[in-house]
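Notes follow the structure.
The values are calculated or read from the model by the stated rules, or taken from the named source; none is laboratory data. Because the structure is a prediction, the values reported are computed rather than measured. Please note: Cβ atoms are built from the backbone with ideal geometry, for glycine as well, and neighbour counts cover all protein chains shown.
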């Protein structure tokens, strides 16, 4: 620090010390030590430090720092006056409200911790501190501070950042540098030096208060600077407010340590970078997401919903964020609009244009990445939905970035966007001059749709209340009045780069060109010179005349011209030419000698005074004043001094001669000059017409440009749609791909000439196909399918458009369902063939297995003479298994309908019983079992069928259905009947036998007086009967062998040697057998009691023969007794004899008894059926 | 029952004998036995019968012919059989049936039922 600057400081005491705000985090203590170590005790600066620290810990930072710092270090917890040469440390959770003369803190309280305390601090500093401020970011992680420096920068402050190479942690410095707003990146040492030099540099620039016009000197300098910037950067700031501009220039000067503005202009001229830096500084705008929440709240609640009203799909909502800087405002609007769109079923297309001049800002905006903690401005919900967290910050999601079109656009020169619903132009108008503001407002009026909304910054107002209706004065919302705007809309502004060349004079009505009226210039100049005068432009055209100036002008013949040389009186012409020439070149005043000019034949001396315009902006303009003198008064200046008259006369002659010569030469020169002038004029005219042409071409171009712009916009919309469609298509294509892969159906697409278009990977398993085979005819391919008709089928489908399906087997035994279909394009044209191969091996096998098992079942059913029947109540289809053909006489192909299909086959007598059985099954839900007869059509035989099954009822139609099994029970029925008969027969026989026994008992009793004998007799007869029963039971009551009966009844074994029996085998029926047995029993009893067997030598001979007679075969039995006492013939025939004689009459037998002296003989003849004779005549002899 | 003539058609001699005994005991004067269908038809043709007692089965031959002949002649008759009613042919459904083995009184009662009203043993 030099003594000089100290003095200066002392001599210019300032109300406020410059505040140096320092933000740091990790590694901060060491950095701060270094920093303050370099700060002198009398810097005159106030340092405010914000460090990331845990808010819950009591900070000892002040104590730690103090030993290293020459000035007092103070940890503050309450409002503290701001004094130079002090260090203030603000704890992170302190509630810093404002910085003016004090650091104003509200009382510490348990407040939500500020996410980004450094941002908050910088913002507070920028918005509330009046004086000059410097922001410094030192080592630290994260991105805190990056947002805050924007505000400092916008307020005209200085931003310095520690060199990331030096910083212990480079997160915060890097993030700040990435914002592009940092003035210098320096080491700590250099930062301190820079701050001190910066602070002690006091540019001598008188910055006027806002709204005041800058002083004359400043204006001239500004014009120079604007001209320089125009040349360097192509940007024109001449319509920006000089106050703002000067403040920015002062800052740049300060940063370059330049105090003299002329010197700075020199620097600008020499260093193009500085010109760019200055231009960028001019363009700085502060922006953040949802800056001024009230404004965005109103947008969200009122304005945007209104824009969406009556807009549906196909409509467009267009917004324009003017001066968008790094795009936060545009994105904020996009977010609000998207949120609104989500509330509508069909939302209009959104288009948001964002424009700015600052190209770096636009780049940043397009990138959509916001370093720094924007969490403070954007709600967590929006962050989640519209941003993507990335390394150290957030990136706006593509969905939103696609909505916003960022374009470099000069509001003052380029044609505006049009048909807009919403224009936001906040904090830009304040930089513009008042009349320019009006033009911009007119421009917005043009760009907006009727009732479109215009949002301005808080300090900005619309003066033109005829164009806009104030909707909210506080928040600066304006609505377009649908009135015609002021005339020519486009181009509103001349192209600024051509402004240096004044346009040709085309009458007094030209307001679109020079903003400074000629009249004004003229008046200013004539304030000093009252005589008639003429304002001449740089192209020597007369621009303005004072009232009496016409006296000195004469209109020559020919084309009308404004050229001063053509118009001015001939006598003055030459003088004027050289006068204008020298005035412009040398920028000096010129006063001519009196020149005699003839007015109405009288020559009068006229003196011309020519004055150039000194204003840079009005360079080339000149004022020509005509001063008419009295002709009688001799020119005092030309009055020669007194001297020798002779000498004088000689001298005069000499001089006159010289003059003549000079006059001659001058005339020659003038003549030459005039010739040249003529030529010049000719070429000038040519130039002029060329210029005209150019101008009209320009106008055409301008129109074309407009058209192009609108076409471009349309294209943009179409492009957007196309992009959307392409995305959809890609999605669809991916879905299809997945579907094809997932289904595992090999698919082949062929074109109209049966060449391969596309195929799925699965097809490779069937065909020898590769990707390179696309375009080859299908006939070229070999495949593993037994499907030689493939090509023919494809051709046939193409020809007849009918789908062909086949089941084909490949070499491995896999089965494929092959479907050949026509390929229909979206326009319903046949573009080829699609062939699908579905693997149906499993179902094919399953089908075979099913068929087999079905066949087994049916065979088993048939073998068991069974069949199934099924009558579906819903479809009314009745089906039978094959066995039903034989059992019911059903016709498998008859197509029986409903339950009648079954019942009609049943014997009419049994149908009712069947119906009842079904009804019971439906009522109880149990299976039914029924039997019915069927007249079999095959042979007309009545057979019995049993049916077991379940009846069902369709709940809707009430139709009945059966599922059942039927089988043939005719055999069983027959045996049951036989059994019944048998039981009846048995009963009959038993009863008959009992009747016989009853009779034996009563008859025996009647003929046997002695009881003891009755028992013997009765038992004997009962035994005979029982034994005969034994024999016929052995033969199942079919009868008995004659020999067996004889032998049984004669009880052979006792006296067998005296009895002989013999005869052929012959079977007697049961009845005959029983009767014969009783007869033989009586004969035997009599023989033993009275006959041949009653004596020892008596013999009995029983023999039988079968003899054919005329009415069948008869069995003749001969009973012959010999050697016994002679029988007592004539004796009263007893019961026994009666029985012998009569018992066999019932069976057609005849009995003859002969009582001969040699012994009794009995001859019995029994009719015999042929079948009852055994083969051959067996003799059995004892 | 006196003076009545009764034909007993029964193939089983012992049973016929028993019926005869019962009828004689009941006071019937003349009881004639027929063992076969042929005999029975002959007897019917030649004699006058007040009643007939017939077995339903004559050595395997049914009663149908005999019943027809009896109906033709309007001779009342009683069936004596081991068969139950359901095993008898439908033609004789109205004819009284005396089940074997029978009690004498049962048979007599059945016959008495056949008499016109007022007449009795």
Return the total of residues in the stretch B:33-54 being buried (at least 16 other Cβ atoms within 10 Å of the Cβ) and either touching a strand residue (DSSP E or B) at 6+ places or on another chain (Cβ under 7 Å) or more than 14 Å from every other protein chain (Cβ to nearest Cβ) (or both).
13
If only one of B:28, B:19 is within 13 Å of chain A (Cβ to nearest Cβ), crowded, with 21+ Cβ neighbours inside 10 Å and either in contact (Cβ under 8 Å) with a residue 12 or more places away in the chain or outside any loop (DSSP other than H, G, I, E, B) (or both), which one is it?
B:19
Looking only at the stretch A:695-721, which residues are more than 30 Å from residue A:406 (Cα to Cα) and either surrounded by 12 or more Cβ atoms within 10 Å (Cβ to Cβ) or touching a strand residue (DSSP E or B) at 6+ places or on another chain (Cβ under 7 Å) (or both)?
A:695
When you go through A:986, A:1022, A:979 one by one, which is the residue that is under 12 Å from residue B:83 (Cα atoms), part of a helix (DSSP H, G or I) and more than 8 Å from every other protein chain (Cβ to nearest Cβ)?
A:986
Residue A:991 within 14 Å of another protein chain (Cβ to nearest Cβ), touching a strand residue (DSSP E or B) at 6+ places or on another chain (Cβ under 7 Å) and either surrounded by fewer than 17 Cβ atoms within 10 Å (Cβ to Cβ) or without any contact (Cβ under 8 Å) to a residue 12 or more places away in the chain (or both)
yes
Could you check the stretch A:811-831 and list, in sequence order, the residues that are under 17 Å from residue A:763 (Cα atoms) and either touching a helix residue (DSSP H, G or I) at 6+ places or on another chain (Cβ under 7 Å) or modelled with pLDDT of 85 or more (or both)?
A:814, A:815, A:816, A:817, A:818, A:819, A:820, A:821
So which of A:1012, A:1001 ends up being within 14 Å of chain B (Cβ to nearest Cβ) and either assigned to a helix (DSSP H, G or I) or at pLDDT 85 or above (or both)?
A:1001
Hey, can you tell me all the residues within the stretch B:1-16 that are touching a residue at least 60 places away in the same chain (Cβ under 8 Å) and within 14 Å of another protein chain (Cβ to nearest Cβ)?
B:10, B:15
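Listed here are the residues, each with its yes/no results for (1) more than 18 Å from residue A:985 (Cβ to Cβ); (2) at pLDDT below 90; (3) over 13 Å from the mean Cα position of the chain (by Cα).
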| site | (1), (2), (3) |
| --- | --- |
| B:12 | no, yes, yes |
| B:62 | no, yes, yes |
| B:68 | yes, no, yes |
| B:82 | no, yes, yes |
| B:93 | yes, yes, yes |
| B:98 | yes, no, no |
| B:101 | no, yes, yes |
Which fully enclosed strands (runs of 3 or more DSSP E) of the stretch A:321-392 have 3 or more residues being under 29 Å from residue A:311 (Cβ atoms)?
A:349-356
Across the stretch A:855-882, what is the total count of residues that are closer than 23 Å to residue A:942 by Cβ, in a loop (DSSP other than H, G, I, E, B) and free of Cβ contacts under 8 Å to residues at least 40 places away in the same chain?
2
Just to be sure I understand, how many residues within the stretch B:65-121 are closer than 25 Å to residue B:47 by Cα and outside any helix (DSSP H, G or I)?
19
Got a number for residues in the stretch A:431-458 being more than 35 Å from the chain's Cα centre (by Cα) and either closer than 19 Å to residue A:298 by Cα or assigned to a helix (DSSP H, G or I) (or both)?
17
Output for Cβ contacts, cut-off 7 Å, separation at least six or different chains, first residue on the phi > 0 side of the Ramachandran plot in the stretch A:17-46, second assigned to a loop (DSSP other than H, G, I, E, B) and surrounded by fewer than 21 Cβ atoms within 10 Å (Cβ to Cβ), reads A:27/A:168; A:27/A:169; A:44/A:17; A:44/A:84; A:44/A:85
Can you tell which of A:1058, A:1088, A:1006, A:1017 is under 29 Å from residue B:59 (Cα atoms) and away from chain B (no Cβ under 12 Å)?
A:1017
Flagged in the stretch A:580-606 as touching a strand residue (DSSP E or B) at 6+ places or on another chain (Cβ under 7 Å) and under 19 Å from residue A:522 (Cα atoms), in numbering order, are A:580, A:583, A:584, A:587, A:589, A:590, A:591
Failed item, numbered, when residue A:1102 is tested on (1) modelled with pLDDT under 90; (2) in contact with a strand residue (DSSP E or B) (Cβ under 8 Å, 6 or more places away or on another chain)
(1)
From A:1111, A:1138, which residue is surrounded by fewer than 20 Cβ atoms within 10 Å (Cβ to Cβ), within 14 Å of chain B (Cβ to nearest Cβ), under 21 Å from residue A:1167 (Cα atoms) and touching a residue at least 40 places away in the same chain (Cβ under 8 Å)?
A:1111
Answer from A:732, A:740 - the residue that is farther than 30 Å from residue A:578 by Cα and modelled with pLDDT under 80
A:740
Can you name every residue in the stretch A:239-286 that is assigned to a helix (DSSP H, G or I), under 25 Å from residue A:362 (Cα atoms) and free of Cβ contacts under 8 Å to residues at least 12 places away in the same chain?
A:273
Would you confirm whether or not the stretch B:39-53 contains a residue that is closer than 23 Å to residue A:1002 by Cα, within 13 Å of the chain's Cα centre (by Cα) and in contact (Cβ under 8 Å) with a residue 12 or more places away in the chain?
yes
So which residues in the stretch B:68-105 are away from chain A (no Cβ under 12 Å), without any contact (Cβ under 8 Å) to a residue 12 or more places away in the chain and within 25 Å of residue B:14 (Cβ to Cβ)?
B:105
In the set A:313, A:328, A:309, the lone residue that is at pLDDT below 90 and buried (at least 24 other Cβ atoms within 10 Å of the Cβ) is A:328
Would you confirm whether or not the stretch A:196-209 contains a residue that is in contact (Cβ under 8 Å) with a residue 60 or more places away in the chain and touching a strand residue (DSSP E or B) at 6+ places or on another chain (Cβ under 8 Å)?
yes
Looking only at the stretch A:186-195, which residues are surrounded by 19 or more Cβ atoms within 10 Å (Cβ to Cβ) and either in contact with a strand residue (DSSP E or B) (Cβ under 8 Å, 6 or more places away or on another chain) or at pLDDT below 85 (or both)?
A:186, A:188, A:191, A:194, A:195
Going through the stretch A:870-891 in order, the residues found to be in contact with a helix residue (DSSP H, G or I) (Cβ under 6 Å, 6 or more places away or on another chain) and either surrounded by fewer than 20 Cβ atoms within 10 Å (Cβ to Cβ) or within 16 Å of residue A:946 (Cα to Cα) (or both) are A:881, A:882, A:883, A:890
